[in-house]
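Down below is the structure, laid out as structure tokens.
The values are calculated or read from the model by the stated rules, or taken from the named source; none is laboratory data. No experiment lies behind these values; they were computed from the predicted model shown. Quick reminder, even Gly has a Cβ in these numbers, built from the backbone with ideal geometry, and neighbours come from all protein chains shown. Accessible surface is based on the protein model in full, side chains and every heavy atom, while ligands, DNA and RNA are left aside. Shrake-Rupley method; radii C 1.70, N 1.55, O 1.52, S 1.80 Å.
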Amino acid sequence: MALDQPRKFKYVGTRPARPDGIDKVTGRAQYGNDITAPGMLWAKVLRSPHAHARILSIDTSAAEALPGVRAIVTGADFPPIEGDAGMRDVQLNCMATTHVWYEGHAVAAVAATSQAIANKAARLIKVEYEILPHVTDVDAAMAPGAPVVREGQTMENVPAGMSANVTYHSEFGHGDLAAGFARADKIIERNFRTAATHQGYIEPQACLASMTADGRGELWTCTQGHFYFRTACAAILGIEASALRVTASEIGGGFGGKTQVWAEPVALALSKKAGKPVKLTMTRDEVFRGTGPTVTTSITCKIGMTKDGRITAGEATLRYSGGAFHTGTCDMGAMAAFASYDLDAVRTYGWNVLTNRPKEISYRAPGAPQAIYAVESTIDELCQLLNLDPLDVRIKNAAKAGTKSSYGVVFEEMGLLAALKAAKAHPHWNSPVPEGASRGVACGFWFNFGGNTCVSLNIGTDGTVAVSEGNPDIGGSRASISLMAAEELGVPYEKVRTVIADTGTLGYNDNTDGSRVTFAVGLATIRAAQEAKKDMMRRAAAIWGIDAEAVEWVDGAAVPAGPNAGKFPPMTLAEIAAQSFQTGGPIAGHCDFQADGAGVSFGVHIADVAVDQETGKTKVLRYTVFQDAGKAVHPDYVEGQMQGGAVQGIGMALNEEYIYSDKGVILNPGFLDYRIPVASDMPMIETVILEIPNPGHPYGVRGVGETPIVPPLATLTNAISRGIGKRLYELPMSPPRVLKAIKGH
Amino acid sequence: MTGTLVTSKVNGDEVQFIADPGETLLDVLRYKLNLMGAKEGCGTGDCGACTVTLNGRIVCSCLVLGVEAEGATIGTIEGMADGNRLHPLQQAFIDHAALQCGICTPGILVAAQKLLERNPDPTEEEIRYWLAGNLCRCTGYDKIVRAVQAAAAQMRA
Amino acid sequence: MRYARPETPAEASRLLAAEPGLARVMAGGTDLLVQLKSGLVEPDLIVDIKHLPGAAMITREAGGFRIGAAVPNQALGEDRDLVAAWPGVVEAASLIGSTQVQGRATIAGNLCNASPAGDSVPALVAAGAVARVTGPNGERDVPVQQIPTGPGKTSLARGEFITSILLPARPARAADAYLRFIPRTEMDIAVCSAAVNLELDGKGVVARARVALGAVAATVLEVDVSAALVGTRLDDAALDKLAKAASAAAKPISDKRGTVEFRTHVVGVLARRAARIAYERAAR
Ligand SMILES: Cc1cc2nc3c(=O)[nH]c(=O)nc-3n(C[C@H](O)[C@H](O)[C@H](O)COP(=O)(O)OP(=O)(O)OC[C@H]3O[C@@H](n4cnc5c(N)ncnc54)[C@H](O)[C@@H]3O)c2cc1C
Ligand code: FES
Ligand code: FES
């Protein structure tokens, strides 16, 4: 679907008010925790205080005896899942059975007539544990003789003789590494470590579950994918998917963290047992202890470069731990690590390692920020050693259309070079580095993703358009989808209303993740609109008494195609719609498909920082983000993704980390000590949107959501390292760590 | 656990409710008065999503007991617009895309309104420090700060 | 749990003393409610002191300022005379929490919460502030540094509570300053901190100096810095001595917020920087 010429857009690319704006500024929007039901009970989950233990017994009698308690569930209440090991893990993560594998692992839950009673009852449940040895550090878990988190999880591709905690191995790349390194003038190999971080969405997980005696259920929840939630809840409870209807509430942030169930199956099980609706809301503490952070990693990166800045070979070993469960995130890292560069010889190795930490769940570009941090830091150090300009080196090595990527795909049109050149030409890069400050630059990448998508579009008899899509709107996607429908149909944006349909009223949609919504749901909306248009042209043709092929669609109206078709005035969408009951009934378009051609996404970030040399504290003075959006459908929300993602990446770089005690207990499960950036920490985040159309989308759209979290880790590492004259190899670069480097011990 | 009858003024209306002694003002607003606009992001004063005004100052309603509201004057996001007429801050937040998910928005609006009452022409730094207790994870704060500046300019005009 | 809202100090003291279970005073509640939520304390009685006469007022007394135990920190910054006389105490109190927390939190609560990291406490100690304590046996005045005795512990007897804190009168050419180290710009608990209170003579020479450090020991640490500072114009040598003395006095622990080495070093840096600010203010 190549674009012949740059397309002129009427609605796409404008910045109209979002449809949910008024509800959200007046407090009317309903999020996960904002609805109640008659007779509703309140729930509380009891969690393991130990990092690793065998559950010897659970005594619920005292809790049951407490007045107001209506139901208690434990792992025994969930029918074991056979066959699907992945779903079995999800189930075990929602509720432990024989073992707890991390501090915060759920062991039981209570539903009672008030939150206070539920809380009290949870404390009355007596669990007897046999404490087992634990390990939370990825390198320690890989070492021979490490405490074994779970036996029998190792997959076939793991070489024999490794720690039982190593579950998975993968390898990507091409070319002759030895020959590549032989051509280099300088080769360095460095080790990096990154801490686990949390998505930190402001809305804790919350749901309202209702199951009736006939086995049917209703679930209201804040989710990034209610269709997947239906699948998972049905599997975990052992019911049929169609028996459960899931409605997505407004969602108070997710960033990947709401693509998995935790609370929902538990609330449904409680509701089933109690015969009443059950509300289950996590506390912030539970969100940190019990839901998914990112991987924690240890990475070795080796790169060879010629004197004039050509990368001759790159090699990286990524040791990722996604907690006590197998995850394939190391693949994402291994595929993404060198994606920005056109290399003759490149190899990456991924390892997944079990530790006694909560199960990792996606966080914006999962796996990529850590891997690319290592690569971009190593390249920057080489630039310093060889006295080369870091932007020029990146321009020289940049992947472009036709490049065989390090993960095998041959790239189509893409915007990395455009972003690098824009950065080089930008006033930020060309301004002198402020006194006492230093500057860093780095690239970032994300694959983007299409996936299963289903959209219905209905033309009302009054000429308005209703779009039903199945992906929760986290950052203004309803506005973007409406814009694309308006563009395709040629009707004003205000005439289109997009709603998120529940699981009972639309076909399956993948989660809102991987930067897929604007691309894939947009594409499906365009196709549904095209189908509706075709129908409307047929109706116009019938009214005019001409061939359907002789009608085309121009500016929101059917018109005869050329002088031979006949002379009729344009018949607008509204006019056709008004007559629809006389011309064959309602007009609608539908699209269900598996979208591909998502189009890769690249970004470049520049930061100026000032480091307090006496305390090691970093202040970000100026920050600019360059990113290819393919086509920015609603530029405000594209900028918003770039800014929000960048600030999350800055948080990862500077202060965010899970801190564990020697007992494997999380010491900072709250926003006071898990330090996400606050308003006064940040400067304005300048944005430059580039538009290199994605050949896989009729409007050229690419996803933009993931990439911006990737570059900040290395951008700040490079800036700070240059500022203090010492290289830093570990995240976060918290003040004690930076001060230690400055003082050289 | 015996409840206490509490009378206070919320968004200009006199209200009465029975508060359990341990219950927070946030829970009272949400579950007894059905004012769901204030959100609980943390319950410990760290996120500001529950911000309301209490006797003229902004507070985290998760750190106020419901019983403390006796005789108090409280303002929530639900009282910010005048019927269908949005407050300039509310309009500016829509116009400047200062919200993505919107969960932080009610708290930020209530806090920003108080700032502009006290300081009609705040600097960027003053806005950022005033709002430091209102976490937003989606926007990176840029568009929020710009929206507050725009509303301030409009209100001064 | 019960909640009481007494109308006189005597009644408050009586309620506190008579409670057979656990009784807790509540001022702004910004510590207390967090502790309630986490189950750290489970009081049987909460005594709200915000409605006692004068509790929410700042009154002038003998050239100084008597700050009621329920005055929210935000109100300290709104009192221009207080800011002019005790800029360091006010900036310390103003650093506590967010704007929202500022609308509730009090310095008496900060003192009685007895966290080694409480921000206003070093500034109050350096200022020579005096707490007025009411109890079953009447009133007594206690220097603030004698209130906290260890993390979460105070010297207050059963039935006793603070009704106000007095900041003394200021001579001319005197000023204080407070600095804390936090990883972010706001919303963190001090990793370490330093308060410096200086009085200069007519020639700009330091006549009296008090320095108190936070979060480097179980309670706020007052360091005798007379030898380093008195008689100097706070030249670099004096500041070096001060920084060394502060680092030497520090007896911190390593925890999730910072290490021993980091705290020891940075508390010296802060003492030096705070001293310079106090000096500039005093000399103005
Ligand atoms: C988000 C957040 C951020 C914070 N940031 C900081 C910070 O940066 N720096 C800092 O120092 N603190 C911080 N705190 C802690 C807290 O805000 C301060 O300690 C505050 O000063 C406590 O005052 P309060 O009036 O709210 O105390 P309360 O919670 O009312 O009381 C605290 C304790 O003191 C006792 N008490 C209170 N008043 C009296 C009295 N008059 N007589 C006897 N006992 C009394 C109470 O019984 C209780 O044990 C923060 C808290 C939150 C929630
Ligand atoms: S919910 Fe009150 S501050 Fe977070
Ligand atoms: S818009 Fe989502 S937290 Fe602010």
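Per this entry, A:Ser515 is not counted among residues that are among the hydroxyl-bearing types (Ser, Thr, Tyr) and over 17 Å from A:Asp596 (Cα atoms).
Could you please find all residues in segment A:82-107 being open to solvent by less than 50 Å² (accessible area, probe 1.4 Å), under 16 Å from A:Trp262 (Cα atoms) and either in contact with a Cys (Cβ under 6 Å, 6 or more places away or on another chain) or not in a helix (DSSP H, G or I) (or both)? Working first, answer last.
Initially, segment A:82-107 is screened for residues open to solvent by less than 50 Å² (accessible area, probe 1.4 Å), giving A:86-87, A:89-96, A:99-107.
When the remaining residues are screened for being under 16 Å from A:Trp262 (Cα atoms), the result is A:86-87, A:89-96, A:100-107.
Result: A:Met95, A:Ala96, A:Val100, A:Trp101, A:Tyr102, A:Glu103, A:Gly104, A:His105, A:Ala106, A:Val107.
Return yes when C:Lys37 is among the basic types (Lys, Arg) and closer than 17 Å to C:Glu160 by Cα and no when it is not.
Working: among the basic types (Lys, Arg): yes; closer than 17 Å to C:Glu160 by Cα: no.
No.
Beta carbons closer than 8 Å, at least 6 apart along the sequence or on distinct chains, never pair a first residue in segment C:168-192 that is within 16 Å of ligand 2 (Cβ to nearest atom) with a second that is hydrophobic (A, V, I, L, M, F, W, C) and modelled with pLDDT under 95. Taking each residue of segment A:241-263 that is away from every other protein chain (no Cβ under 12 Å) and more than 21 Å from A:His105 (Cβ to Cβ) and looking for partners that are among the acidic types (Asp, Glu) and open to solvent by less than 10 Å² (accessible area, probe 1.4 Å) with beta-carbon atoms closer than 9 Å, six or more apart or interchain, yields A:Val246/A:Glu264; A:Ala248/A:Asp473.
Out of the residues in segment C:240-284 meeting the condition of being among the hydroxyl-bearing types (Ser, Thr, Tyr) and not in a loop (DSSP other than H, G, I, E, B), tell me which one is farthest from A:Lys740 (Cα to Cα). Walk me through how you get there before you give the answer.
Here is the first cut: in segment C:240-284, the residues among the hydroxyl-bearing types (Ser, Thr, Tyr) are C:247, C:254, C:259, C:264, C:279.
Then keep just the ones that are not in a loop (DSSP other than H, G, I, E, B); that gives C:247, C:264, C:279.
Values: C:Ser247: 16, C:Thr264: 13, C:Tyr279: 30 Å.
Filtering segment C:240-284 for residues that are among the hydroxyl-bearing types (Ser, Thr, Tyr) and not in a loop (DSSP other than H, G, I, E, B), the one farthest from A:Lys740 (Cα to Cα) comes out as C:Tyr279.
Where in segment A:357-470 are there helices (runs of 4 or more DSSP H), lying wholly inside it, with at least 2 residues that are open to solvent by 10 Å² or more (accessible area, probe 1.4 Å) and outside the structural domain of A:Leu690 (by TED's automatic domain parsing)? Of the helices (runs of 4 or more DSSP H) lying wholly inside segment A:357-470, those with at least 2 residues that are open to solvent by 10 Å² or more (accessible area, probe 1.4 Å) and outside the structural domain of A:Leu690 (by TED's automatic domain parsing) span A:390-397. In segment C:1-17, the residues that are within 14 Å of another protein chain (Cβ to nearest Cβ) and closer than 22 Å to C:Gln35 by Cα form Cβ pairs under 6 Å with partners that are at pLDDT below 95 and in a loop (DSSP other than H, G, I, E, B), at six or more places apart or across chains, as follows: C:Met1/B:Pro21; C:Met1/B:Gly22; C:Arg2/B:Pro21; C:Tyr3/B:Pro21.
Residues satisfying the criterion are absent from segment A:98-111 (criterion: under 29 Å from B:Leu35 (Cβ atoms) and within 14 Å of chain B (Cβ to nearest Cβ)).
Step by step: first the residues of segment A:722-736, then only those that are over 29 Å from the mean Cα position of the chain (by Cα) and outside any loop (DSSP other than H, G, I, E, B), then the one that is farthest from the other protein chains (Cβ to nearest Cβ). Which residue is that?
Quick first cut of segment A:722-736, residues over 29 Å from the mean Cα position of the chain (by Cα) only: A:722-727, A:736.
Checking which are outside any loop (DSSP other than H, G, I, E, B) leaves us with A:722-724, A:736.
On the way: A:Arg722: 21, A:Gly723: 17, A:Ile724: 15, A:Pro736: 4 Å.
The selected residue is A:Arg722.
Can you tell me which residue among A:Val665, A:Val604 is more than 14 Å from chain B (Cβ to nearest Cβ), buried (at least 24 other Cβ atoms within 10 Å of the Cβ) and modelled with pLDDT of 95 or more?
On the way: A:Val665 fails: buried (at least 24 other Cβ atoms within 10 Å of the Cβ).
Within the list A:Val665, A:Val604, the selection yields A:Val604.
Taking each residue of segment A:22-42 that is within 8 Å of another protein chain (Cβ to nearest Cβ) and looking for partners that are open to solvent by 50 Å² or more (accessible area, probe 1.4 Å) with beta-carbon atoms closer than 6 Å, six or more apart or interchain, yields A:Gly27/B:Glu78; A:Ala29/A:Asp23.
Only one of these conditions is not met by B:Cys50: (1) open to solvent by less than 10 Å² (accessible area, probe 1.4 Å); (2) facing another protein chain (nearest Cβ under 7 Å). Which number is it? Going through (1) open to solvent by less than 10 Å² (accessible area, probe 1.4 Å); (2) facing another protein chain (nearest Cβ under 7 Å) one by one, B:Cys50 breaks only (2).
Tell me the residue from B:Ala72, B:Ala49, B:Ala111, B:Ala81 that is closer than 22 Å to C:Gly28 by Cα, under 16 Å from the mean Cα position of the chain (by Cα) and away from ligand 2 (no atom under 16 Å from the Cβ), please.
On the way: B:Ala49 fails: away from ligand 2 (no atom under 16 Å from the Cβ); B:Ala111 fails: away from ligand 2 (no atom under 16 Å from the Cβ); B:Ala81 fails: closer than 22 Å to C:Gly28 by Cα.
Unique residue meeting the criteria: B:Ala72.
When the helices (runs of 4 or more DSSP H) confined to segment C:37-115 are screened for residues that are modelled with pLDDT of 95 or more, away from ligand 2 (no atom under 16 Å from the Cβ) and surrounded by 24 or more Cβ atoms within 10 Å (Cβ to Cβ), those reaching at least 3 such residues are found at C:87-94, C:107-113.
Among the residues making up segment A:476-525, those that are outside any loop (DSSP other than H, G, I, E, B) and of a type in the set (Lys, Arg) are A:Arg478, A:Lys495, A:Arg497. Within segment B:130-157, the residues that satisfy the criterion of being part of a helix (DSSP H, G or I) and of a type in the set (A, V, I, L, M, F, W, C) are B:Trp130, B:Ile144, B:Val145, B:Ala147, B:Val148, B:Ala150, B:Ala151, B:Ala152, B:Ala153, B:Met155. Quick check: is even one residue across segment A:659-675 in contact with a His (Cβ under 7 Å, 6 or more places away or on another chain) and within 24 Å of A:Gly323 (Cα to Cα)? Yes, that holds for at least one residue. Scanning segment B:115-129 for residues that are under 19 Å from A:Ile685 (Cα atoms), free of Cβ contacts under 8 Å to residues at least 24 places away in the same chain and in a helix (DSSP H, G or I) gives B:Glu125, B:Glu126, B:Ile127, B:Arg128, B:Tyr129. Being open to solvent by 10 Å² or more (accessible area, probe 1.4 Å) and in contact with a Leu (Cβ under 9 Å, 6 or more places away or on another chain) holds for only one residue in C:Ala248, C:Ala209, C:Ala215, C:Ala227, and it is C:Ala209.
For segment B:112-132, indicate whether the set of residues that are within 13 Å of chain C (Cβ to nearest Cβ) and in contact with a strand residue (DSSP E or B) (Cβ under 6 Å, 6 or more places away or on another chain) is non-empty. Within segment B:112-132, one or more residues are within 13 Å of chain C (Cβ to nearest Cβ) and in contact with a strand residue (DSSP E or B) (Cβ under 6 Å, 6 or more places away or on another chain).
Condition first: within 14 Å of chain B (Cβ to nearest Cβ) and either open to solvent by less than 30 Å² (accessible area, probe 1.4 Å) or at positive phi (or both). Now tell me which residues in segment A:43-61 satisfy that. Result: no residue meets the conditions. Please find, within segment C:14-31, the residue that is nearest to B:Val59 (Cα to Cα) out of those that are within 12 Å of ligand 1 (Cβ to nearest atom) and open to solvent by 60 Å² or more (accessible area, probe 1.4 Å). The residue in question is C:Arg24. Residue-level check: of (1) closer than 21 Å to A:Asn33 by Cα; (2) surrounded by fewer than 24 Cβ atoms within 10 Å (Cβ to Cβ); (3) touching a helix residue (DSSP H, G or I) at 6+ places or on another chain (Cβ under 8 Å), B:Leu65 misses just (2).
For segment C:41-85, which positions are more than 9 Å from chain B (Cβ to nearest Cβ) and near ligand 1 (Cβ under 10 Å from one of its atoms)? C:Val41, C:Pro43, C:Val47, C:Ile49, C:Leu52, C:Ala55, C:Gly68, C:Ala69, C:Ala70, C:Val71, C:Asn73 - these are the residues of segment C:41-85 that are more than 9 Å from chain B (Cβ to nearest Cβ) and near ligand 1 (Cβ under 10 Å from one of its atoms).
State whether the residues of segment A:50-71 include one that is part of a loop (DSSP other than H, G, I, E, B), under 30 Å from B:Gln90 (Cα atoms) and within 28 Å of the chain's Cα centre (by Cα). Show your work before the answer.
The first filter runs over segment A:50-71 and keeps only residues part of a loop (DSSP other than H, G, I, E, B), leaving A:50-52, A:60, A:66-68.
Within this subset, residues satisfying the condition of being under 30 Å from B:Gln90 (Cα atoms) are none.
No, every residue in segment A:50-71 fails to be part of a loop (DSSP other than H, G, I, E, B), under 30 Å from B:Gln90 (Cα atoms) and within 28 Å of the chain's Cα centre (by Cα).
Considering the conditions (1) away from every other protein chain (no Cβ under 13 Å); (2) open to solvent by less than 10 Å² (accessible area, probe 1.4 Å), A:Gly696 is excluded by exactly one of them, (2).
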